[in-house]
Amino acid sequence: MDYNETETSVTESQAPEPNTALAQPKFSVGIDLGTTHCVLSYAAMHQTDDDQYQQQTMAIPQLASPGVVEENVQLPSFLYQPHEAELAEGSTSLPWSAKPAFLVGAIARHLGGKTPIRLVASAKSWLCHAGVDCKSPILPAEAPEEIQRVSPFQATTAYLQHLCDAWHYLHPEAPLAKQDVVITVPASFDPAARELTVEAAKATGLDHALLLEEPQAALYSWIESSHGDWRNQAQCGDVILVVDIGGGTTDLSLIAVTENEGNLELTRVAVGDHILLGGDNMDLALAYSVKAKLENQGKRLESWQLQALTHSCRDAKEKIFNNPDIDNIPLVIANRSSSLIGGSLRTELTRNVVSTLLVDGFFPQVAVTDKPFSRTRTGLRTAGLPYAQDAAITRHLAAFLAKQLNATSELKAIHSPENATFLRPTAVLFNGGVLKAQSLAERLMSVINSWLAAEQAPAARLLSGADLDLAVAKGAAYYGYVRKGKGVRIKGGTAAAYYVGVESAMPAVPGMSPELQALCIAPFGMEEGTQEELPNDEFGLVIGEPVRFRFFGSKTRREDKVGTRLDHWGEDEISELDEIEITLSEEGRRPGEVVPVHLCAAVTEIGTLELHAVSKKDNSRWKVEFDVRSGD
Amino acid sequence: MNTLYTIDLSLKPTTFDLWHVCLAGTVALLTLLLIILLVGLLLTALRCKKKSLAQTSDAATSEPAIKIVEKIVEVEKVVQAPAPEPIILKEASSDAALQLLSLLQQEARFIDFIKEDISTYEDAEIGIATRVVHEGCNKVLNEHFTIAPVRTEQEGNKITLPKGFDAAAVRLTGNIVGSAPFTGTLVHKGWQVTQIRLPKLTQSHNAAILAAAEVEL
């Protein structure tokens with residue numbers, strides 16, 4: 001018998017060739033930097049046979065508990081700040097570091113479960129949270145003064161660093177910086193959050209990492225796993241709706257299938273808003289309902305019991321969803337002390353509760369005209385993440401499809417009938433662990449199809465064969481591979497048009513602030529590697545003095561060209577992002593000098609938006625900073 | 001030509017020349033060889049006896065021993081002579097055993113459950129706790145071991161064992177007579193571990209602490 005210590009021992013099919021290894025990337029590496037988990041997948045760049053694309057998912061060594069190193073394909077995106085007396089000397093060493101700077105992964109989640117005040121979670125959601133400075137130490141948000149805080153940016157860097165170190169430990173012959181690295185971000189990430197992700201990659205030495213939107217990555221993974229059969233499953237004229245429901249976020253995208261000279265082309269036509277709603281909300285919902293039931297019986301639950309309950313609800317939910325024969329699952333909240341038999345609480349979770357709470361609560365049968373409800377936030381709100389107020393994912397989806405009615409208007413191959421009230425998807429691709437549950441997937445499909453049926457449109461079909469947990473990382477690795485011209489690529493460009501706010505020139509009226517105009521500086525769908533200049537609109541900027549602009553984005557206005565000035569716009573058409581800041585450095589100039597500049601927007605090959613102020617006189621350029629989020 | 005070589009057995013050599021040295025050396029060498037051979041034979045005889053005992057110990061318990069390559073080296077040092085195929089008994093690694101106990105305690109509250117006096121509880125109460133233990137043990141087994149049946153045939157069916165079957169993997173019981181192939185009823189399909197994925201431990205980790213005491217502040 002042959003005993004491997006690890007199941008996923010990496011078998012290198014090709015011996016490293018010292019000559020080519022340095023010059024050319026050996027692997028295409030995809031990193032899914034998820035809200036709750038990180039995954040790294042990779043594929044050899046030089047596949048022997050193009051039809052047999054092979055890829056692996058890295059088993060990431062990580063501390064599971066003090067002194068115990070375990071390998072798992074998922075690295076939980078958690079960071080724990082231990083007290084100096086909490087852990088024994090040497091019990092936090094990893095194979096590559098005797099004392100890592102931060103505790104991340106399974107151990108962080110494990111320790112943080114019992115000491116939440118020291119746990120950093122959902123750092124990724126903070127990156128996209130307007131109104132906070134992502135580089136200032138603000139996490140854990142609820143921590144007492146003496147606990148050293150980290151910034152969301154630092155936490156993201158720490159997860160990436162762990163992945164890098166693990167890679168170098170397992171592949172010492174192939175430095176990650178020399179490989180083709182693709183990092184995925186939610187499609188709904190704004191330019192500032194994308195910029196921060198790229199910066200985090202640079203901080204770990206990954207200077208050439210590319211960004212890819214997660215729903216696109218999921219579609220790439222589906223294309224890869226179909227082994228060429230996707231051309232039969234998708235036809236010209238299809239609109240594929242990608243629904244990605246992860247642990248903490250829901251991400252929506254629409255991808256159109258068109259034809260060009262006989263080849264199918266994929267274009268990402270729309271992305272949804274950043275919705276902080278996911279599987280964790282479902283587990284919590286179940287736990288709270290069980291808690292309420294226990295409290296009716298006169299049993300009060302402490303916070304550690306609620307936590308244990310959330311865990312067992314998650315397991316029980318999966319069992320109920322996966323076995324149609326099981327109608328109830330007993331739940332036991334084990335006593336914390338060594339006396340297990342006395343003092344453990346027993347309750348149960350029934351199929352009924354699970355379907356009412358999860359299927360009807362998160363995926364209610366709604367009309368396509370429904371909008372997610374939002375109540376105005378009360379004035380006193382502690383600093384926290386802007387979690388979605390409406391838990392109904394179907395309502396968010398309905399609003400998204402209705403809002404994107406005209407998303408395909410520029411594509412001739414897609415026929416959107418006159419009477420349509422929403423953009424009708426013809427195919428649906430699922431991603432994210434939540435949709436592994438058959439009943440949830442079925443309900444979501446039936447809701448979408450009921451909308452289609454109401455307008456006499458054919459039912460959408462579900463694209464099958466996706467690996468819901470690992471698809472994003474796998475798709476990212478495959479994207480790195482197809483970038484070398486070895487397969488179909490999804491076109492898309494920027495998922496929004498961007499505007500700066502300028503005051504309109506009008507005579508001053510007492511008591512009224514000058515009206516704000518939105519000046520388009522980057523149109524919708526700008527492709528990577530292109531730039532747009534705006535030479536006719538000049539600003540006089542003072543050297544050495546930072547100037548701030550209000551910054552807006554629109555996910556629906558596709559027709560605005562660079563230089564378009566908007567006086568009025570619909571409320572949900574344009575949303576305000578964080579301010580941008582321009583500081584003209586003093587190099588070779590007198591402070592106080594006024595320089596006329598115009599703005600220039602470029603989408604980098606990496607996938608980030610870059611704004612520059614360009615002087616007309618001598619063409620010198622200054623970078624415009626996105627991440628100037630004020631901490632107020 | 002006429003020189004007569006008389007052999008006087010009582011004669012003692014007065015000079016110690018090279019020939020004598022060689023002679024003495026050869027004698028010493030032969031004696032040593034003889035001793036080694038005898039010791040070797042004796043050891044083999046002992047091993048054969050012990051082997052039958054060792055076989056009865058469960059396969060699963062000896063498996064983690066794969067990890068303790070260093071310990072095997074130590075034992076080799078003790079037996080210096082190049083005796084014929086020195087047979088070393090595998091010593092089960094205590095770290096791996098402790099690690100497994102610790103995993104069972106963490107996930108399944110195994111030690112808590114076994115150490116608790118169950119005589120004072122009702123069956124229903126024990127049943128509640130058993131769910132925790134069963135679920136956790138199941139998780140540990142699935143996460144850290146790949147367990148497969150030895151024989152894939154249905155239990156209760158007749159199976160035939162060819163000549164030279166693996167006697168360690170299939171145990172014959174009952175009316176063992178005649179010679180292979182043997183035909184009999186599969187009473188138990190057997191279990192084997194095909195893969196072990198135990199976590200690694202840091203140098204300073206004290207595996208004897210199965211579960212740290214917990215103090216809430």
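Tabulated results
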| item | result |
| --- | --- |
| Answer residue from the range A:287-300, given it is crowded, with 18+ Cβ neighbours inside 10 Å and touching a residue at least 24 places away in the same chain (Cβ under 8 Å) and is farthest from A:L111 (Cα to Cα) among those | A:L294 |
| Selected residue (criterion: modelled with the highest pLDDT) from residues of the range A:10-37 that are of a type in the set (S, T, Y) and more than 25 Å from A:L211 (Cβ to Cβ) | A:T20 |
| Test: residue in the range B:148-162 that is touching a residue at least 12 places away in the same chain (Cβ under 8 Å), assigned to a helix (DSSP H, G or I), within 12 Å of chain A (Cβ to nearest Cβ) and surrounded by 15 or more Cβ atoms within 10 Å (Cβ to Cβ) | no |
| Verdict on A:S416 being more than 30 Å from A:G298 (Cβ to Cβ), small (G, A, S), surrounded by 14 or more Cβ atoms within 10 Å (Cβ to Cβ) and at pLDDT below 85 | yes |
| Failed criterion for A:L541 (all others in (1) modelled with pLDDT under 80; (2) touching a strand residue (DSSP E or B) at 6+ places or on another chain (Cβ under 9 Å); (3) surrounded by fewer than 20 Cβ atoms within 10 Å (Cβ to Cβ) hold) | (3) |
| Residue in the range A:429-449 that is more than 30 Å from A:D572 (Cβ to Cβ) and among the aliphatic types (A, V, I, L, M) present | yes |
| Residue match in the range A:46-58 (condition: more than 12 Å from chain B (Cβ to nearest Cβ) and part of a helix (DSSP H, G or I)) | no |
| Any hit, the range A:128-140, residues being in contact with an Asp or Glu (Cβ under 7 Å, 6 or more places away or on another chain), more than 9 Å from chain B (Cβ to nearest Cβ) and closer than 27 Å to A:Y478 by Cα | yes |
| Pair list, Cβ under 8 Å, 6 or more apart: the range A:94-123 residue within 8 Å of A:Y80 (Cβ to Cβ), other residue among the small types (G, A, S) and in a loop (DSSP other than H, G, I, E, B) | A:V104/A:S77; A:R118/A:A143 |
| Test: residue in the range A:134-157 that is buried (at least 23 other Cβ atoms within 10 Å of the Cβ), among the charged types (D, E, K, R), under 23 Å from A:G205 (Cα atoms) and in contact (Cβ under 8 Å) with a residue 60 or more places away in the chain | no |
| B:T194 being farther than 30 Å from A:G112 by Cα, in a strand (DSSP E or B) and within 11 Å of chain A (Cβ to nearest Cβ) | yes |
| Every residue from the range A:311-354 that is assigned to a strand (DSSP E or B), surrounded by fewer than 15 Cβ atoms within 10 Å (Cβ to Cβ) and within 33 Å of the chain's Cα centre (by Cα) | A:T350 |
| Yes/no for A:P364 being more than 10 Å from chain B (Cβ to nearest Cβ), over 30 Å from the mean Cα position of the chain (by Cα) and of a type outside the set (D, E, K, R) | no |
| Looking only at the range A:59-78, and only at residues there that are in contact (Cβ under 8 Å) with a residue 40 or more places away in the chain and closer than 22 Å to B:V215 by Cα, the one that is nearest to the other protein chains (Cβ to nearest Cβ) | A:A64 |
| Selection status of A:S226, surrounded by fewer than 22 Cβ atoms within 10 Å (Cβ to Cβ) and hydroxyl-bearing (S, T, Y) | yes |
| Qualifying residue in the range A:75-83 (condition: more than 24 Å from A:V472 (Cα to Cα), modelled with pLDDT under 90 and in contact with a helix residue (DSSP H, G or I) (Cβ under 7 Å, 6 or more places away or on another chain)) | no |
| Count of residues meeting criterion [in a strand (DSSP E or B) and either loosely packed, with under 13 Cβ neighbours inside 10 Å or within 23 Å of the chain's Cα centre (by Cα) (or both)] in the range B:180-191 | 3 |
| Residues of the range A:445-459 classified as touching a strand residue (DSSP E or B) at 6+ places or on another chain (Cβ under 7 Å) and crowded, with 20+ Cβ neighbours inside 10 Å, total | 1 |
| Which numbered condition A:P330 fails, given (1) within 27 Å of A:R395 (Cα to Cα); (2) within 13 Å of chain B (Cβ to nearest Cβ); (3) touching a strand residue (DSSP E or B) at 6+ places or on another chain (Cβ under 6 Å) | (1) |
| Residue in the range A:162-182 that is modelled with pLDDT of 90 or more, surrounded by 24 or more Cβ atoms within 10 Å (Cβ to Cβ) and β-branched (V, I, T) present | yes |
| Condition broken by A:I107, with the remaining ones in (1) over 23 Å from A:W304 (Cβ atoms); (2) out of contact with any helix residue (DSSP H, G or I) (no Cβ under 7 Å at 6 or more places or on another chain); (3) within 12 Å of chain B (Cβ to nearest Cβ) satisfied | (1) |
| Condition check for A:Q81: within 14 Å of chain B (Cβ to nearest Cβ), crowded, with 22+ Cβ neighbours inside 10 Å and among the polar types (S, T, N, Q) | no |
| Helices (runs of 4 or more DSSP H) contained entirely in the range A:190-265, each with at least 1 residues that are acidic (D, E) and at pLDDT 90 or above | A:191-203, A:214-225 |
| Selection count, the range B:87-97, where residues are in contact with a helix residue (DSSP H, G or I) (Cβ under 9 Å, 6 or more places away or on another chain) and either within 8 Å of another protein chain (Cβ to nearest Cβ) or closer than 21 Å to B:T202 by Cβ (or both) | 4 |
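Rundown of residues vs (1) modelled with pLDDT of 90 or more; (2) within 14 Å of chain A (Cβ to nearest Cβ); (3) more than 30 Å from B:L42 (Cα to Cα), yes/no style:
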position: B:V69; (1), (2), (3): no, yes, no
position: B:V78; (1), (2), (3): no, no, no
position: B:E85; (1), (2), (3): no, no, no
position: B:Q99; (1), (2), (3): yes, yes, yes
position: B:L103; (1), (2), (3): yes, yes, yes
position: B:F113; (1), (2), (3): yes, yes, yes
position: B:V140; (1), (2), (3): yes, yes, yes
position: B:I176; (1), (2), (3): no, no, yes
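The values are calculated or read from the model by the stated rules, or taken from the named source; none is laboratory data. This is a predicted model, so every value here is computed, not measured. No Cβ is skipped: glycine too gets one built from the backbone with ideal geometry, and neighbour counts run over all protein chains shown.
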